[in-house]
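Take a look at the structure set out below.
The values are calculated or read from the model by the stated rules, or taken from the named source; none is laboratory data. Owing to the predicted nature of the structure, the values given are computational and were not obtained by experimental measurement. Every residue, glycine as well, gets a Cβ built from its backbone with ideal geometry; the counts of neighbours run over all protein chains shown. For accessibility, only protein heavy atoms count, side chains too; no ligands or nucleic acids. Shrake-Rupley method; radii C 1.70, N 1.55, O 1.52, S 1.80 Å.
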Amino acid sequence: MSKTKKSLVLWFENVRNTDVPIVGGKNASLGEMIHAGMPVPPGFAVTAYAYEKFIKQTRIAKKIYKIIKETVKDPDDPKQYDVASKKIRILVEKTSVPPKIANSIKSAYKELSKRLNLKDAFVAVRSSATAEDLPDASFAGQQETFLNVKGPEEFLEKVVKCWSSLFTPRAIFYRNEKGFAHENVLISVGVQKMVNSGVAGVVFTINPVTGNNNEIVIEGNYGLGETVVSGAVNPDDFVVDKNTLKIKERRISRKTVQYIRDPDTGKTVHLEVPKEKQKEPCLNDGEIIKLAELAKLIEAHYKKAMDIEWAIDKDLSFPKNIFVVQARPETVWSVKGMETPTQVNEGKPKEELKVAVKGIAAGKRGYGLGVAKVVLTPEEAAEKMKKGDILVTDMTNPDFVPFMKIASAIVTDKGGITSHAAIVSRELSIPCVVGTETATQVLKTGQEYTVDSRNGIIYEGVLSEVAEAAMTAGAAETIAVAANPVPVTATKIYMNLGVPEKIKDYKNLPFEGIGLMRIEFILASYIGDHPLHLVDTGRGQEFVDKLAEGMATVARAIQPRPVVVRFSDFKTNEYRELKGGDKYEIVEANPMLGWRGCSRYISQWYQKAFRLECQAVKKCREEWGLKNVWVMLPMVRTLWEAKKCFGIMKEEALERSRDFKVWFMAETPSIAILADEFSKLVDGFSIGSNDMTQGILMIDRDSERLGQMGYFDERDPAVKRIIAHLIKVAHENGCTVSICGEGPSNLPDFAEFLVRVGIDSISVNNDAVVATKSLVASIEQKIILERLAEQAAIACGRPLKKPKQDWEWTP
């Protein structure tokens, strides 16, 4: 077929990198790679001219741009982009494709099937915008992709959906932000033979984390590459020396999810990776080296760092089974000139940073820079710590909080992802690495370090690029939120909070309430004294006033959104740290499983203090009219103790009502097992996935050794099954169910499980609100599409085969 600007369809072999205006960046790149001899699956492009002709012949072009002009009046309002997108996509997808255009597109599909000796070939249908994948404007991922498409009618339908995806909220915003006129950005659609992937993923010809241009980084997982690109799984990670092609590093993850083609229906299904394969490398050394070789050839051809998607066909033999399905310029480090990570010290030459110690990534995802101060007690911290120092200690407790607030990063010898240091650092948005075992011995007071809390690594010296980024971190976070219009979700997204004054920084985030307000921070930092010490010294009202003021600071800032206040959940060893605590607290061998939560409130040894907590809540609601303050009881073990707690609350004038909700923390297996009975007492449950996992699997959640070995995992089938049971029974009894653990924000596949089993809300830390909302929106959309497909299949008399999930139970 000859190449003209008015061709409706162009085969990839007739396309070059100069044809972006005709076929878009993605398709132009595929044609360029075929010309360069790369292994690219055969296919063709539905040209931008075909799209342009469609919107002009049907007279919807002016309507589209009019909708944007009339709807998006405030460029900083995400809702306006959502409204415009929905209107335009409905308009495009309901408009019939003119016969000449439709016939040309379907004829090309039939020709591709013929070339492959198939009646109807499985194809991948990907959008390719004409301003996409330019070196300084990465449009990747803003439009849609459809996999395992089969048959001319389904194929045409997916082409139209790709056309409409030119107007996703993110795409509209991005064009506005980058100064691209909407009328000048058209869309092509790429159509490729579908690789029946056994393994797939991404390869970068530059280290995307450090910017090291001498490294090739390969990420992979079983099945389709969508799991890697979308973040649905933690992929295997291989680092290859670009010059020698030697494998430098291997990070083998526990890969639990794979997307594959169902052999019966031909559709993409999401299945669990077999247990025996989950911790096995998805690639062998030969495949890793071959991918690195291809990556070097592609980079040499384009003369720039590249981001490449690849797939390995399980129906073919090595090396003919390795295919390149996309390639685009890397748009972060390459713009900076492919700099190698260096340290900057006066009078010393630049050199690569040396790893000092490794641990478990926690806290704010990012980097912390500063001078290390190795301190083993709060008293020592008071003498040595200055604002901006890195706090290095064995483990933290509430007395360390004032010093944690001024630290640029926190590093501990002990603790897991749910330890005090990890929780507080996330609350304060401070980078943190826990469970290093030797940091207090290896790191030296007075020396500079870079703490990488994304990967759990502490480097000697300061990474200059990170130092520059840190100076504008606040502005960058603001831009990040604005640059991603927030979608609407059926699942409510709440936020966790512990430090009341931080609400002023977070109140404009798109959360629908505080799903967990921890009062332990108020007790340790604002009050400082053990509550019973205040009672015995006649200062009980001081406790009530300070606690109430802390709650009110948050409730006033976000009303009428609810604030779910969890009554105190210190353990005995933590209460002992408060002033006067030695007199009132026993010494327990295992405080995590000891005298805490409801068992403390109803006991003769603490009940007076619990009444003070109730009085603080009452003061907020009755004296200050803050009806958005609700409460939650933690560590509920038995029905009888729960009923006793309600009796005490009633005596303090706190009773459930239409505007006063009471929740239980669901942390114990007993509350899930007896969910039908507990549901009769409350309005809702909030799953504490950390304690629930600990209780079901009998694991010390703070064990750094077990954490490093991968034992602590909320995705264990036993944990998922009991959570699914709790949600089902709670809903049958009219109760709402939330979750406030770290799992949903850190584990996309766990978040998908929660949405699929009907969780009502998810409460996450401030730095995960936007990302979690976007993730949940994509999951909900996927579920809707799956259900529509199921209904369509049933209507056609061909019900889809649904694989049994690991949390499902058949009696």
Put LYS618, LYS26, LYS583, LYS358 in order of accessible area, largest first, 1.4 Å probe: what do you get?
LYS583, LYS358, LYS618, LYS26
Distance from a point 7 Å along Cα→Cβ of ASN17 to each backbone N in region 270-309: keep the residues under 11 Å and list them by number.
298-306
Would you list the P(r) distribution for region 649-733, with all Cα-Cα distances sorted into 10 Å bins from 0 and each bin expressed as a whole %?
17, 41, 26, 13, 3
Trypsin sites (Lys or Arg not before Pro) lying in DSSP loop within region 503-566, provided at most 16 other Cβ fall within 10 Å:
LYS507, ARG539
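Please report, in debye to the nearest 20, how large the charge dipole of the chain is about its Cα centre when each Lys and Arg carries +1 at its beta carbon and each Asp and Glu carries -1 there.
The dipole of the chain has a size of about 3080 debye.
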Gain upon complete extension [GLU652, GLN559; 0.36 nm per residue less C-alpha separation]:
31.1 nm
Note: VAL355 to ASN590 extended length (0.36 nm per residue) minus current alpha-carbon separation gives 81.1 nm
In Å², nearest 10: area of ILE558 left accessible to a 1.4 Å probe
0 Å²
Return the distance in nm (one decimal) between the two label points of a simple spin-label model at TRP640 and MET698, each offset 7 Å from Cα along Cα→Cβ.
2.6 nm
Inter-part distance where region 254-298 and region 45-110 are each reduced to a Cα centre, Å
35 Å
Over the Cα atoms of region 642-689, how large are the radius of gyration and the largest Cα-Cα distance (Dmax), in Å?
11.3, 32
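Arranged from highest to lowest average of other beta-carbon atoms within 10 Å per residue, in what order do the peptides 390-397, 101-108 appear?
Values: 390-397: 23.0, 101-108: 18.2.
Descending mean neighbour count gives 390-397, 101-108.
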If the chain between ASN214 and ASP716 were fully stretched, how many nm would it gain, using 0.36 nm times the residue separation less the Cα-Cα distance?
176.9 nm
Please report how far the C-alpha centroid of region 729-787 lies from that of region 531-574, rounded to the nearest whole angstrom.
29 Å
Among ILE288, THR553, MET33, whose Cα sits farthest toward the positive end of the charge dipole of the chain (+1 at Cβ of Lys/Arg, -1 at Cβ of Asp/Glu, about the Cα centre)?
MET33
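Helix by helix, which DSSP H runs in the chain go 15 Å or more along their axis at the Cα atoms and have an average Kyte-Doolittle hydropathy of 0.0 or more?
Length and hydropathy pass: 20-35, 285-302, 540-558, 717-732, 769-795.
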Find which of GLY446, SER429, THR396 sits farthest along the positive direction of the dipole of the chain, computed with +1 on the beta-carbon of Lys and Arg, -1 on that of Asp and Glu, about the Cα centre.
SER429
Taking protein heavy atoms only, a 1.4 Å probe, and rounding to whole percent, the accessible area of the chain owed to carbon and sulfur comes out at 53 percent
Go through 437-445, 681-689 and give me the packing order, highest mean Cβ count within 10 Å leading.
681-689, 437-445
Residues in region 531-547 near a label at SER603, defined as backbone nitrogen under 18 Å from the 7 Å Cα→Cβ point?
531-536
Relative packing of 300-310, 41-51, which averages over residues the other C-beta atoms within 10 Å, highest first:
41-51, 300-310
On average, how much area does the Cα convex hull of the chain cover when viewed from any direction, in nm²?
35.9 nm²
Which whole-number value in Å² is the accessible area per residue of region 569-699, probe 1.4 Å?
41 Å²
